[in-house]
Amino acid sequence: MLRTSPNIIVTGTPGVGKTTHSEELAQKTGLKHLSINSVVKQHNIGEKSDDPDDPNLQIVDEDRLLDCIENDLEEGGQIIDWHACDMFPPSMIDLVAVIRCDNGVLYDRLKARGYGEKKLQENLDCEIMEVLVQEARDAYDEQIVVELHSEKAEDIDANVERLEQWIKNWRKDHGKEEGDVKAQDADGKKDEDDPMFLHG
Ligand code: DAT
């Protein structure tokens with residue numbers, strides 16, 4: 001089935017702003033905010049980890065997760081909000097937005113969430129080591145992976161605006177595939193094929 005709206009993963013280290021971006025983008029575009037945390041709770045597909053430092057951590061059965069969201073992904077128009085990204089089938093994903101955050105700012109956000117020192121340090125390391133960016137680049141075509149910084153409130157507006165524009169172009173382009181001529185530049189490349197389109 002051809003998607004009429006794109007599926008976008010919004011990923012990144014906990015606390016970088018995935019949910020904030022996903023909610024605002026959903027509100028502005030009509031795409032659905034698919035919070036994987038909520039899916040896991042709703043379908044009861046998480047198992048408590050035995051990590052004493054992180055008793056709330058849920059180990060998720062990825063096969064069952066994919067079963068739960070398969071229809072949504074096929075339908076398209078999903079904003080997938082999750083701190084991992086490489087389990088989603090590349091054929092179902094149109095864009096991966098990795099939200100990034102300065103470590104000083106992230107420290108304050110995670111501290112405010114009440115994270116203990118060990119969990120806090122693990123997450124800061126994850127951000128410094130660019131774990132999610134690497135995971136995204138390894139799992140998907142690099143052309144569809146974009147990094148968006150989110151330290152200040154204005155960053156959210158700017159990032160959401162860029163994603164909104166990308167979605168509009170994706171829709172336009174895919175709508176045109178049904179009959180009209182595609183908008184292409186002199187090289188025959190479409191706007192959204194250009195990674196710079198999102199990098200600014
Ligand atoms: P995540 O879903 O990645 O765990 P979140 O969206 O819940 O992160 O955001 C964590 C906290 O940081 C939350 O209190 C909102 C705040 N926040 C996120 N992005 C921000 C930004 N660009 N400017 C100011 N605050 C931000």
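The values are calculated or read from the model by the stated rules, or taken from the named source; none is laboratory data. Predicted, not measured: the structure shown is a model, and the values here were computed from it. Cβ placement follows ideal geometry from the backbone for every residue including glycine, while neighbour counts extend to all protein chains displayed.
Out of all the residues in the range 44-55, is one or more of a type in the set (D, E, K, R), under 11 Å from the mean Cα position of the chain (by Cα) and within 16 Å of the ligand (Cβ to nearest atom)?
Among the residues of the range 44-55, not one is of a type in the set (D, E, K, R), under 11 Å from the mean Cα position of the chain (by Cα) and within 16 Å of the ligand (Cβ to nearest atom), which makes the answer no.
Considering the range 78-100 alone, what residues qualify as being within 11 Å of the ligand (Cβ to nearest atom) and either more than 23 Å from residue 58 (Cβ to Cβ) or surrounded by fewer than 20 Cβ atoms within 10 Å (Cβ to Cβ) (or both)?
The answer is 83, 100.
Of the conditions (1) within 19 Å of the chain's Cα centre (by Cα); (2) at pLDDT 95 or above, residue 111 fails just one. Which one is it?
(1)
What are the pairs with Cβ atoms under 8 angstrom where one residue, in the range 83-98, is without any contact (Cβ under 8 Å) to a residue 40 or more places away in the chain and the other, located anywhere, is surrounded by fewer than 16 Cβ atoms within 10 Å (Cβ to Cβ)? Sequence gap at least six, or different chains.
Within 8 Å, the pairs are 87/62; 87/66; 89/66.
Would you check if residue 64 is out of contact with any His (no Cβ under 8 Å at 6 or more places or on another chain), surrounded by 13 or more Cβ atoms within 10 Å (Cβ to Cβ) and in a helix (DSSP H, G or I)?
Spelling it out, it is not the case that residue 64 is out of contact with any His (no Cβ under 8 Å at 6 or more places or on another chain), surrounded by 13 or more Cβ atoms within 10 Å (Cβ to Cβ) and in a helix (DSSP H, G or I).
Does residue 120 satisfy the condition of being without any contact (Cβ under 8 Å) to a residue 24 or more places away in the chain and surrounded by 17 or more Cβ atoms within 10 Å (Cβ to Cβ)?
Spelling it out, residue 120 is indeed without any contact (Cβ under 8 Å) to a residue 24 or more places away in the chain and surrounded by 17 or more Cβ atoms within 10 Å (Cβ to Cβ).
What pairs come up if the first residue lies in the range 10-22 and is within 14 Å of residue 163 (Cα to Cα), the second is β-branched (Val, Ile, Thr) and near the ligand (Cβ under 7 Å from one of its atoms), and their beta carbons are under 8 Å apart, counting only those six or more places apart or on different chains?
10/99; 11/99; 18/99; 20/156; 21/99; 21/156
What are the pairs, 6+ residues apart or on separate chains, where a residue within the range 139-156 that is surrounded by 11 or more Cβ atoms within 10 Å (Cβ to Cβ) has its Cβ under 8 Å from a residue that is of a type in the set (Lys, Arg) and not in a helix (DSSP H, G or I)?
147/100; 148/100; 149/100; 150/100
Among the polar types (S, T, N, Q), in contact with a Leu (Cβ under 8 Å, 6 or more places away or on another chain), closer than 23 Å to residue 34 by Cα and at pLDDT 95 or above: does that describe residue 123?
The answer is yes for residue 123.
I'd like the full set of residues that are out of contact with any strand residue (DSSP E or B) (no Cβ under 8 Å at 6 or more places or on another chain) and acidic (Asp, Glu), limited to the range 136-177.
138, 141, 142, 151, 154, 157, 161, 164, 173, 177
Find the residue count for the range 9-44, including only residues that are under 16 Å from residue 72 (Cα atoms) and not in a helix (DSSP H, G or I).
Looking only at that region, the number is 8.
Which condition from (1) within 11 Å of the ligand (Cβ to nearest atom); (2) part of a helix (DSSP H, G or I); (3) buried (at least 19 other Cβ atoms within 10 Å of the Cβ) is the one that residue 73 breaks?
Failing condition for residue 73: (1).
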